[in-house]
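The values are calculated or read from the model by the stated rules, or taken from the named source; none is laboratory data. Because the structure is a prediction, the values reported are computed rather than measured. We place every Cβ from the backbone using ideal geometry, glycine too, and count neighbours over all the protein chains shown. Surface accessibility is based on the protein's heavy atoms, side chains included, excluding ligands, DNA and RNA. Shrake-Rupley method; radii C 1.70, N 1.55, O 1.52, S 1.80 Å.
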Amino acid sequence: MGRTRILPSGVPIKVDVMSSDSLAAAQTTRVPTTEELGFDPDRLREKYRFERDRRLRADGNEQYQEVVGDFARYLDDPYSGPVKPRAALHDEVDVLIVGGGFGGLICGARLRQIGIERIRIIEEAGDVGGTWYWNRYPGAACDTEAYIYLPLCEELGYVPRTKYAFAPEILEHAGRIARHFDLHTGACFHTHVTGLRWDDVSMRWHITTNRGDDMRARFVIMSNGPLNRPKLPGIPGIREYKGHTFHTSRWDYDYTGGSSEGGLHKLADKRVGIIGTGATAVQCVPHLGAGAKELYVFQRTPSSVDVRDNRKTDPAWAASLEPGWQRERMENFNTLTSGGVVEKDLIQDGWTEIIRNLVSMAKFRGTGVDWADVPKLMEIADFQKMNQIRARVDAVVKDKATADALKPWYRQFCKRPCFHDDYLPTFNRPNVHLIDTAGLGIDRITATGVVANGIEYPIDCIVFATGFEVGTAWTRRAGYDVQGRDRQKLGDKWADGIRTLHGYMTHGFPNLFIVGNSQSAGTTNFPHAMDESARHFQYLIQKCLQEDIRCIEPDKDAEDAWVEHIISISRFNEAFLSDCTPGYYNNEGKPNRRSIQNGAYGKGPNPFFRITKAWREAEEMEGMVRR
Ligand code: NDP
């Protein structure tokens, strides 16, 4: 079944992504006994609860601080040189897109395809790319297979270089889309939207920015990105530190040397501390370990780190691709991730394995299993998968105490699953020190170092791998508020949770479209969902143009019904989330109706796409008010 691969670090690993399939298959008909399993589910459940409980904090999401005031420097753009002066704009465009990441680019591309000429992207960064513009840390790569992740590959005649693309190739691809669809023309970079205001007389949006612009647009698409605001922990003493610091999403290569590919040679005489061990840290720790004199990895909760097994694209395979290949592959992935059955898993990786085995109930259909046993069987499959993850730590990390501390004790989807082949071996380096804080986090920061477990570690540079704001007010993350019809503010309307129809439009805010994953498709392949939203907006905007509709917005009843539907079908319901270790998936251990309401469509991406496709095909614009 499996094959063995030798990692660059010399450690042999078993590459067998299907291994828990066979385990699960054997158990689809009844709940196995403890003897058959070889472990005790009750004890594991107890261990998970213990680990969760010691991480629960009264301040929940409030433990983090906003990157403003003194901390605003963490938002500076280190990549594009000084901001170029330009005159303020007071003109009008047809479609204004806030955000030049993949969401904005795909929308721009789909609108170009229907002949829209006056499109303007407004972007805080110095160029397009969104998250891939900002996240250039060493080792940055996408965990979702590149053949399905990189948008519009077929339209652009591009096949990614490796199964999982590294950040530079992804950023390059963003530029390729912008050039192909002429989206740089008219774009405003290093520009921050400060407000959107709807004028119901002219039926236009007014957009103001930090560059003195006051533009108008008939339609606005907001594609701010879900993880766009770096966050810092509210650790005592963080302001007192005198050494060097930066956040992973603004990597300071002037200080570290090297590039996204590694080679951080300027750290050779530095003691570096990295705070956080999420998906970002998992990718950059191997490079910090290789470059720094000493590396201290401050861990609160370990990530689950499964096999990556990246490989170069086979040119013969690339040449054999038939028209429609990318769409077919994307749909194959989403069918699997929606719990559907496919003839062949085209992706065959860690994502499709865990989603099929741990999330999808499809495999139980027709097996004769008692439906009441399904949650237990799914929990067992989860225990088995996590046992495998923990066994991998033991197989790779030589020091037993370090290995034990690196083991995650929670259900797989409580936190973002990670895939990497060099992260765990990095802890075998003599210069790399795991400082595990037993779930409590670091105590404080002093002028010269980091204190954890009561011990001060002198540090020359702190790297904050502490993630991005989730669960704070939408307008705070966007950095602007939106004033709709009747002077209503979006911040007020969404104070108790997002309200939309299909996640795409919101009542009282005409001609305003939203790219995001709240109340719409939730898939690990974000660009697929973005493309589906872009097609929806393309349809709506074309309808407005063809039928001389001046503005559209969802009807309040249709919106209310959609919000209730989202809550009622939420897959990761409150009970599941409450049992999870804290993190941004469960509002830092405090899941509530708001976090569930702001979640994705619970039946999976494909059923959602079917709904919106059928909605368009009905040609009735059901639930929309037209004027
Ligand atoms: P995360 O929010 O996932 O991780 C933040 C880390 O900081 C956690 O380990 C957290 O610990 C830790 N932390 C926070 N406060 C403290 C504290 N006081 N003391 C010690 N540790 C602390 O951020 P990431 O940037 O790693 O990832 C964000 C998201 O970006 C991912 O979930 C993923 O969606 C995306 N991403 C995607 C990639 C891809 O392949 N496509 C690659 C990288 C990121 P704790 O867990 O205990 O809260």
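Scanning region 487-505 turns up at least one residue that is without any contact (Cβ under 8 Å) to a residue 60 or more places away in the chain and on the phi > 0 side of the Ramachandran plot.
One line per residue, one yes/no per condition, for (1) without any contact (Cβ under 8 Å) to a residue 24 or more places away in the chain; (2) open to solvent by 40 Å² or more (accessible area, probe 1.4 Å):
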residue: Ser202; (1), (2): yes, yes
residue: Gly212; (1), (2): no, yes
residue: Leu227; (1), (2): no, yes
residue: Phe246; (1), (2): no, no
residue: Asp254; (1), (2): no, yes
residue: Gly273; (1), (2): no, no
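Remark: pairs (first residue in region 331-342, assigned by TED's automatic domain parsing to the domain that holds Ser360; second residue of a type in the set (D, E, K, R) and open to solvent by less than 30 Å² (accessible area, probe 1.4 Å); Cβ separation under 7 Å; 6+ apart in sequence or on different chains) = Leu336/Asp345.
Listed conditions (1) touching a Phe, Trp or Tyr at 6+ places or on another chain (Cβ under 6 Å); (2) farther than 23 Å from Ala279 by Cβ are all met by Arg444, apart from (1). Per the conditions (1) more than 22 Å from Gly467 (Cβ to Cβ); (2) not assigned by TED's automatic domain parsing to the domain that holds Ile97, the sole criterion not satisfied by Ile274 is (1). Filtered by the rule that a residue be of a type in the set (Phe, Trp, Tyr) and over 25 Å from Thr524 (Cα atoms), region 209-256 gives Phe219, Tyr241, Phe246, Tyr253, Tyr255.
Across region 552-571, the number of residues qualifying as surrounded by 18 or more Cβ atoms within 10 Å (Cβ to Cβ) and over 18 Å from Thr506 (Cα atoms) comes to 1.
Could you pull out every one of the helices (runs of 4 or more DSSP H) wholly within region 366-474 that has 2 or more residues that are away from the ligand (no atom under 16 Å from the Cβ), open to solvent by less than 50 Å² (accessible area, probe 1.4 Å) and modelled with pLDDT of 95 or more? Steps first, answer last, please.
On the way: elements: 374-396, 400-405, 423-426.
Fully inside region 366-474 and qualifying: 374-396, 400-405.
Of note, Tyr137 satisfies the criterion of being within 16 Å of the ligand (Cβ to nearest atom), open to solvent by less than 50 Å² (accessible area, probe 1.4 Å), in contact with a strand residue (DSSP E or B) (Cβ under 9 Å, 6 or more places away or on another chain) and modelled with pLDDT of 95 or more.
Could you go through region 299-315 and let me know if any residue there is more than 16 Å from the ligand (Cβ to nearest atom) and not in a loop (DSSP other than H, G, I, E, B).
Yes: one or more hits.
Would you mind stating whether Gln299 is farther than 30 Å from Leu377 by Cα, outside the structural domain of Asn428 (by TED's automatic domain parsing) and touching an Asp or Glu at 6+ places or on another chain (Cβ under 9 Å)? In short, no. Can you spot a residue in region 289-304 that is in contact with a strand residue (DSSP E or B) (Cβ under 9 Å, 6 or more places away or on another chain) and at pLDDT below 95? Within region 289-304 (the criterion being in contact with a strand residue (DSSP E or B) (Cβ under 9 Å, 6 or more places away or on another chain) and at pLDDT below 95), the answer is no, since none of the residues qualifies.
Go through Ile549, Ile541 for me and flag whichever is surrounded by 19 or more Cβ atoms within 10 Å (Cβ to Cβ) and modelled with pLDDT of 95 or more.
Checking each option against the conditions leaves just Ile541.
Pairs are defined by a Cβ separation below 6 Å, a sequence spacing of at least 6 or placement on different chains, a first member in region 451-466 that is farther than 21 Å from Val67 by Cβ and touching a residue at least 24 places away in the same chain (Cβ under 8 Å), and a second member that is of a type in the set (A, V, I, L, M, F, W, C) and in a strand (DSSP E or B); the pairs so defined are Ala452/Phe298; Ala452/Ile435; Tyr457/Val450.
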